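Read through the structure below, which is laid out as structure tokens, and then see the notes.
The values are calculated or read from the model by the stated rules, or taken from the named source; none is laboratory data. Quick caveat, the model's predicted, so the values are computed rather than measured. Quick reminder, even Gly has a Cβ in these numbers, built from the backbone with ideal geometry, and neighbours come from all protein chains shown. For accessibility, only protein heavy atoms count, side chains too; no ligands or nucleic acids. Shrake-Rupley method; radii C 1.70, N 1.55, O 1.52, S 1.80 Å.
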Amino acid sequence: MAILNLLASQRKCRLSEILTGSNPLLRDQSLVEYNQNSSAGIHICALLDSDGTPMEVALAVTKLVDEGFTTVKLKVGRRASPAEDAAVIQKIREVVGYKINIRADANRKWTYKQAIEFGSRVKSLCLQYIEEPVSSVHDLIKFCENSGLPVALDESIDNLKGGPIQKLHQFVHPGIVAVVSTNSVSYFSSFSFHFYISPCFHLDGQVIKPSVVGGFENAAHIAKWAHMHDKMAIISSAYESSVGLATYIQFAYYVDRQHDLISRLKRYDSCGTVAHGFGTYQWLTEDVSEQKLKILVPPLGDGMGASVEDAHGYLHHLNINDEKIEKTYSEEKLNSYSIQVDGDHFSYVVKVQEAGDCTNDKVVLFLHGFLGTSEDWTPMMKALSPSARVIAVDLPGHGESQILQRDDENFNQISLTIQSVADLLLKLICNITDGEVVVVGYSMGARIALQMILNENHKISGAVLISGSPGLRHEASRRRRTAIDKSRAQFLLTYGLECFIKTWYSGKMWTSLREHPQFDSLVRTRRKHSNITDLSKVLADSSIGRQKSLWEDLKHLEKPVLIVAGEKDVKFKEIAERMCSETREYGEREADCRSNQELCEMIVVPESGHAVHVENPLPLVRALRKFLVRLHQP
């Protein structure tokens with residue numbers, strides 16, 4: 001959003017003109033319309049809480065209609081029964097009539113039976129759509145077939161990964177007519193599309209969540225695809241300030257013009273005005289700017305809306321009201337320091353990097369993989385530091401951490417196994433905080449994190465395991481892997497770090513990482529390890545072959561675990577699936593029936609291989625935020 005507005009400012013034009021710049025037909029149409037009508041803009045749908053008696057809600061809708069709204073969305077599924085929700089909509093129709101479009105949002109609150117009951121009671125009340133009436137795709141399709149009501153999607157498409165256009169085949173049922181994004185506060189500004197059937201045609205519906213597909217440009221591309229398939233696209237905001245809404249207004253205008261152009265090219269009439277989901281502006285009592293974004297009924301208009309020119313002017317002359325700003329965040333520098341932790345026969349001097357409020361009770365500890373350092377986590381730490389205290393360490397033998405021997409003759413007695421490193425890190429945690437921490441580990445770090453949460457769960461509130469494994473089940477496999485890693489360690493000592501790194505990253509596991517634009521810079525950081533003797537010892541001692549298999553220990557899991565795998569990392573994706581499956585099976589066999597479904601969660605990050613946090617960090621950041629919120633819910 002910031003980049004597009006900057007480009008518009010430099011070129012002295014509106015943001016919508018930046019978007020149309022690559023399409024001469026669309027650009028010419030937009031300019032002609034704008035020159036003929038300086039009030040060119042978009043229509044807005046109101047958002048209404050449905051608390052209160054049916055009459056109270058109907059009167060609230062009446063007020064919105066009097067203000068100029070032609071479309072209203074209200075929440076359902078919060079009352080004692082679907083019959084009560086249906087009674088509200090019945091009363092709205094009795095009081096207001098059929099001059100307003102009604103959209104209902106159930107947020108997956110109902111069972112299939114309850115949803116069918118609601119559908120039977122409102123079938124004659126002309127709902128534009130019912131959003132997410134049930135929780136499963138199977139029940140959703142069955143509802144479409146048996147209720148006759150048009151359906152919109154929201155939560156059902158949250159988990160679509162990669163290119164969503166290729167993965168929407170399960171939602172092509174003609175009864176699915178729209179997509180709606182969750183109206184909730186998000187760290188990043190977000191927006192979404194609603195696709196719904198035009199009343200002029202009998203068409204299949206489609207779904208998309210632009211926040212998953214990567215921004216305005218990708219969203220515009222998908223909107224065009226929808227229009228080409230005779231769908232309409234509706235933009236919807238989260239609880240945005242006027243800064244966000246002003247940008248969305250211009251984007252929605254661009255999407256509308258795109259639809260008009262495609263309609264003409266395909267030689268069918270556009271079916272009237274679309275009301276976009278920007279009614280959240282009414283729910284905010286304060287804003288970040290001194291001036292107000294104009295949202296009103298134009299003199300010659302036929303519904304509540306916003307002018308593209310007003311939105312452009314608002315951003316062009318933006319003045320932030322400093323009195324309304326509670327906290328300002330700029331890129332935070334990481335604080336580096338060292339802590340000494342004593343083990344058997346040696347001391348571990350840990351390089352620590354930290355960011356965020358040191359008094360925050362949300363503490364996250366990041367553990368890198370083999371050849372990594374704490375700097376691998378810098379982007380993620382900066383992203384999470386406004387809401388958590390984030391800490392990363394250089395593990396033994398890596399980066400600037402040091403292994404201090406108490407006796408030169410006892411070097412071979414020093415143990416750097418996964419278990420011993422986990423014990424050292426638990427001592428470190430006790431030095432850093434009195435509370436619990438969430439451990440986030442990648443690869444070797446994930447194996448350490450799993451060991452920690454199973455060893456000492458009173459200090460660990462949860463763990464995020466990225467491309468990790470509980471170990472090898474069979475003794476023969478462990479012996480073979482121990483020998484392989486011992487040979488690799490000797491290769492490192494004999495031929496040096498440069499040659500070892502070249503050989504290490506030539507493996508099949510790193511195929512997608514080698515294609516990543518940051519691969520060369522990542523390799524340069526791997527050359528900075530100063531003590532290859534310690535590094536080779538870590539490689540041999542922490543071998544997965546020397547680690548006790550933790551598969552059976554998964555049944556003792558008592559704290560939540562988020563398991564993460566890259567879409568292209570077939571091996572570790574299968575391991576992650578087995579971990580989740582076996583953890584849940586253990587829970588089902590427990591007499592107390594503890595909810596292992598909630599304890600173990602898995603996500604697959606699209607467009608990434610083994611090094612998920614390097615190859616596609618943004619979905620991982622979002623998943624971590626959600627995980628932290630869930631852990632700290634009362």
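Things to note:
- Some residue of the range 576-584 being touching a strand residue (DSSP E or B) at 6+ places or on another chain (Cβ under 6 Å) and among the small types (Gly, Ala, Ser): yes
- In the range 473-504, the residues that are assigned to a loop (DSSP other than H, G, I, E, B) and either open to solvent by 60 Å² or more (accessible area, probe 1.4 Å) or within 18 Å of Gly445 (Cβ to Cβ) (or both): Arg473, His474
- Cβ-Cβ contacts under 7 Å between residues 6 or more apart (or on different chains), taken from a first residue in the range 257-268 that is over 14 Å from Trp225 (Cβ atoms) to a second residue that is of a type outside the set (Asp, Glu) and in a loop (DSSP other than H, G, I, E, B), are listed as Asp260/Ser270; Ser263/Ser270.
- Enumeration of residues in the range 545-584 that are more than 26 Å from the chain's Cα centre (by Cα), among the polar types (S, T, N, Q) and buried (at least 17 other Cβ atoms within 10 Å of the Cβ): Gln547
Conditions (1) closer than 22 Å to Asp520 by Cα; (2) among the hydroxyl-bearing types (Ser, Thr, Tyr); (3) part of a helix (DSSP H, G or I); (4) at pLDDT 90 or above, marked per residue:
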residue: Lys568; (1), (2), (3), (4): yes, no, no, yes
residue: Lys571; (1), (2), (3), (4): no, no, yes, yes
residue: Ala576; (1), (2), (3), (4): no, no, yes, yes
residue: Gly587; (1), (2), (3), (4): no, no, yes, no
residue: Met602; (1), (2), (3), (4): no, no, no, yes
residue: Leu618; (1), (2), (3), (4): yes, no, yes, yes
residue: Leu628; (1), (2), (3), (4): no, no, yes, yes
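- Here Gly244 clears all of (1) part of a loop (DSSP other than H, G, I, E, B); (2) in the same structural domain as Leu64 (by the TED database); (3) more than 16 Å from Ala46 (Cβ to Cβ); (4) under 29 Å from the mean Cα position of the chain (by Cα) except the condition numbered (1).
- Search result, residues across the range 46-77 that are in a loop (DSSP other than H, G, I, E, B), hydroxyl-bearing (Ser, Thr, Tyr) and either open to solvent by less than 30 Å² (accessible area, probe 1.4 Å) or within 20 Å of Glu132 (Cβ to Cβ) (or both): Ser50
- Highlighted here are the strands (runs of 3 or more DSSP E) found entirely within the range 313-420 that include at least 2 residues which are at pLDDT 90 or above and within 30 Å of Val243 (Cα to Cα): 389-393.
- If the condition is being surrounded by fewer than 16 Cβ atoms within 10 Å (Cβ to Cβ) and in contact (Cβ under 8 Å) with a residue 60 or more places away in the chain, then the range 505-529 contributes Thr511, Gln518, Thr525, Lys528.
- Residue in the range 123-141 that is in a loop (DSSP other than H, G, I, E, B), among the charged types (D, E, K, R) and modelled with pLDDT of 90 or more present: yes
- Taking the criterion of being closer than 18 Å to Lys73 by Cβ and open to solvent by 40 Å² or more (accessible area, probe 1.4 Å), the residues of the range 275-328 that qualify are Tyr281, Gln282, Trp283, Leu284.
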